[in-house]
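The values are calculated or read from the model by the stated rules, or taken from the named source; none is laboratory data. Because the structure is predicted, anything quoted here is derived from the model rather than measured. In this analysis, Cβ positions are derived from the backbone assuming ideal geometry, glycine residues included, and neighbour counts consider all displayed protein chains.
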Amino acid sequence: MTKPNFNHPALPLVKENFPGVRLVAGEFRGQTTLVVPKDSLHDVLTFLKNDPRCAYDFLSTVHGVDYLNYPTPGSGSGGGRFAVIYNLESTRHNTRLLVKVMLEPTLDTTGIEDDPALHIPSACDLWPGAEWPEREVFDMFGIRFDNHPDPRRILLWEKYPAHPLRKDYPLTGRGEREDYKVIARDSA
């Protein structure tokens, strides 16, 4: 087992430029993750993109994670049930950095209601390619991205009553399958 290497070049720069912000860093299998508070997320992402010493000019992916019933409370590095992870890459410096923000819902998470705790700023103004992955995270987890240019669902219909990648969503669905007309092979 290798020991963590926190020599990632962006970490001291972020720490220096955001002295009052509580940042948490971790490393797993050679990938460095920076956990950022929700209120500082857009500022940190802007810094990582625009500062020439970092130059994270490519947003590879945006992921959502549900830590419901994870083995230890707060094990998502900073607490919170949900996480949004930005996979950044600097083509100039050939480095990668994962930026994670943790979110804790305040409302019942089973429905489609708009929980104010599950809002974060969109990164579409920094990386236009964030548009579709952010829509997928909204559609599957219910995390909304403020100032997103097109905040509609992308995979399910607009009136769908839940977010199916949440871990409290039933594996057999909530009656959706019973409403579909079954077409037999001989009648098709």
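Residue count for region 19-51 satisfying the condition of being more than 21 Å from the chain's Cα centre (by Cα) and touching a residue at least 24 places away in the same chain (Cβ under 8 Å): 1. Counting only residues that are in contact with a strand residue (DSSP E or B) (Cβ under 6 Å, 6 or more places away or on another chain), free of Cβ contacts under 8 Å to residues at least 60 places away in the same chain and part of a helix (DSSP H, G or I), region 139-167 holds 0 of them. Taking the criterion of being under 14 Å from ALA83 (Cβ atoms) and in contact with a helix residue (DSSP H, G or I) (Cβ under 6 Å, 6 or more places away or on another chain), the only residue of region 22-43 that qualifies is VAL36.
Only residues that are among the aromatic types (Phe, Trp, Tyr), in a loop (DSSP other than H, G, I, E, B) and at pLDDT below 95 were counted across region 1-58, and they come to 1.
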